[in-house]
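Following: one structure in structure tokens, then a few remarks.
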Amino acid sequence: MSESEYQQIGKAMKGAERILIVSHVRPDGDAVGSLIGLGLALQEAGKAVQMVLNDGVPTSFRHLTGSNQVVKHPGGNFDLTIVLDCSDLPRVGKALTEGTVPDINIDHHITNLNFARINLVKPDAVATSAILAEYLPEWGFPVTPQVASALLTGLISDTLGFRTSNMTPQVMRLAATLMEIGTNLPELYSAALVRRSFESARYWGAGLSHLERRGRLVWATLSLDDRSGVNYPGNDDADLINVLSTIDGADVALIFVEQKGGKTKVSWRSQPGVDVSQIALKFGGGGHAAASGAEITGSLVDVQERVIHDTLAFLEASANVLSDEN
């Protein structure tokens, strides 16, 4: 990012009166935290802000101040449109009117397509919330305890409780700064990563009953019947993928979540040194080296066959490269 782009972002936010902020479908803690954190900061500066998530705010993040302001569809006219935590524009779903070209894109995914007029993309950042926590004060916007709580939730979620391989002392210092503003780290940690609903636990059970393994690849499946059978309200995996990624001896973990309309959501998680973002890109998705995803058209069985085949081939090729290097 050049200095002129950095200046443009602050200037654009300060000059706008009506601002639309959106993030991606099936929002995680970073999508929710960055959306609410930026939204509340702009409101504190006197801006009229509309926060939109195609799928609304998941139950586990509705304790955050400002979550009740998030709507599923935009309405009205805006001076400025900001997209957060999205590597590509289709990821926002119907949170943006078709044909809209965003003014600002703030993200940390290495596969980001730089789709806005101004793009602030920092792949080395652990979360989009971390980018905002760093730059909001420099842009002259207030970080209140409510803003800090939302941003810290994003940091906690995307680092899986400060344990991902891209953690740095700077991130810990940033978290400490947010705590000093007036956040409660244990409560936010528990809400984001520990506590879960009865339905989520049963949903995990359904997925784990379909757990399979081939070589250094493990995967599980969640069908529409699994979801309805336990009355799980979301269309995600309830973070089961993060459990699969802890299995000993697995370099890559996969989860397949059947969606309505003949599509399947696929999530990859990998150990350090295995870049699954390249596989996700092949299937029209994206993300990070260690955590990526894609929504693929096709039946659950068909998508499974294709993705497992290509992921196994990728793992074999990666092993051969490492063997040649040694």
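The values are calculated or read from the model by the stated rules, or taken from the named source; none is laboratory data. In this text the structure is predicted, and so the values were computed from the model without any measurement. Note: ideal-geometry Cβ built from the backbone for every residue, glycine included; neighbour counts use all protein chains shown.
Please find, within the stretch 1-30, the residue that is nearest to TRP139 (Cα to Cα) out of those that are surrounded by 23 or more Cβ atoms within 10 Å (Cβ to Cβ) and out of contact with any Phe, Trp or Tyr (no Cβ under 9 Å at 6 or more places or on another chain).
Going through the qualifying residues, I end up with ILE21.
So which of VAL57, VAL101, VAL83, VAL92 is assigned by TED's automatic domain parsing to the domain that holds LEU132, assigned to a loop (DSSP other than H, G, I, E, B), closer than 23 Å to LYS122 by Cβ and among the aliphatic types (A, V, I, L, M)?
VAL101
Among the numbered criteria (1) free of Cβ contacts under 8 Å to residues at least 12 places away in the same chain; (2) surrounded by 17 or more Cβ atoms within 10 Å (Cβ to Cβ), which single criterion is violated by PRO90?
(2) is the only condition that PRO90 fails.
Quick one: in the stretch 90-104, of everything that is aliphatic (A, V, I, L, M) and touching a strand residue (DSSP E or B) at 6+ places or on another chain (Cβ under 7 Å), which residue is nearest to ASN54 (Cα to Cα)?
Across the stretch 90-104, the extreme among qualifying residues is ALA95.
Just one of the numbered conditions (1) assigned to a helix (DSSP H, G or I); (2) surrounded by fewer than 22 Cβ atoms within 10 Å (Cβ to Cβ); (3) touching a residue at least 12 places away in the same chain (Cβ under 8 Å) is not true of ALA148; which one?
Here ALA148 clears every test but (2).
Which is of a type in the set (Lys, Arg), under 24 Å from ASP124 (Cα atoms) and assigned by TED's automatic domain parsing to the domain that holds PHE314, of ARG269, ARG216?
ARG269 is the lone residue from the list that is of a type in the set (Lys, Arg), under 24 Å from ASP124 (Cα atoms) and assigned by TED's automatic domain parsing to the domain that holds PHE314.
If you scan the stretch 44-62, which residues turn out to be surrounded by 15 or more Cβ atoms within 10 Å (Cβ to Cβ), under 18 Å from the mean Cα position of the chain (by Cα) and without any contact (Cβ under 8 Å) to a residue 60 or more places away in the chain?
MET51, VAL52, LEU53, ASN54, GLY56, VAL57
If you go through the stretch 1-16, how many residues are within 24 Å of the chain's Cα centre (by Cα), modelled with pLDDT of 95 or more and in a loop (DSSP other than H, G, I, E, B)?
Of the residues in that region, 0 qualify.
Could you count how many residues in the stretch 270-325 are in a helix (DSSP H, G or I) and at positive phi?
Within the stretch 270-325, residues that are in a helix (DSSP H, G or I) and at positive phi number 0.
Going through ALA130, ALA116, ALA150 one at a time, which residue ends up being closer than 19 Å to VAL83 by Cα, in contact with a strand residue (DSSP E or B) (Cβ under 9 Å, 6 or more places away or on another chain) and aliphatic (A, V, I, L, M)?
The unique qualifying residue is ALA116.
Residue under question is ASP302, and the condition is that it be surrounded by fewer than 22 Cβ atoms within 10 Å (Cβ to Cβ) and closer than 25 Å to THR164 by Cβ; does it hold?
It is false that ASP302 is surrounded by fewer than 22 Cβ atoms within 10 Å (Cβ to Cβ) and closer than 25 Å to THR164 by Cβ.
Looking at (1) out of contact with any helix residue (DSSP H, G or I) (no Cβ under 6 Å at 6 or more places or on another chain); (2) assigned to a strand (DSSP E or B), which is the only condition PHE78 fails?
Condition not satisfied by PHE78: (2).
Give me the pairs, please: first residue somewhere in the stretch 293-308 and closer than 17 Å to ASP88 by Cα, second residue anywhere and outside any loop (DSSP other than H, G, I, E, B) and of a type in the set (S, T, N, Q), beta-carbon distance under 6 Å, and either six or more positions apart or on two chains.
As it stands, the answer is GLY293/SER267; ILE296/THR264, since those pairs meet every condition given.
List the pairs whose first member sits in the stretch 244-269 and is in contact (Cβ under 8 Å) with a residue 24 or more places away in the chain, whose second member is charged (D, E, K, R) and outside any strand (DSSP E or B), and whose Cβ atoms are under 6 Å apart, counting only residues at least 6 apart or on separate chains?
Close Cβ pairs satisfying both conditions: ALA250/ARG216; ASP251/ARG216; ILE255/ASP237; VAL257/ASP237.
For THR65, work out the one condition from (1) among the polar types (S, T, N, Q); (2) out of contact with any helix residue (DSSP H, G or I) (no Cβ under 8 Å at 6 or more places or on another chain); (3) at pLDDT 95 or above; (4) surrounded by fewer than 24 Cβ atoms within 10 Å (Cβ to Cβ) it doesn't fulfil.
Here THR65 clears every test but (2).
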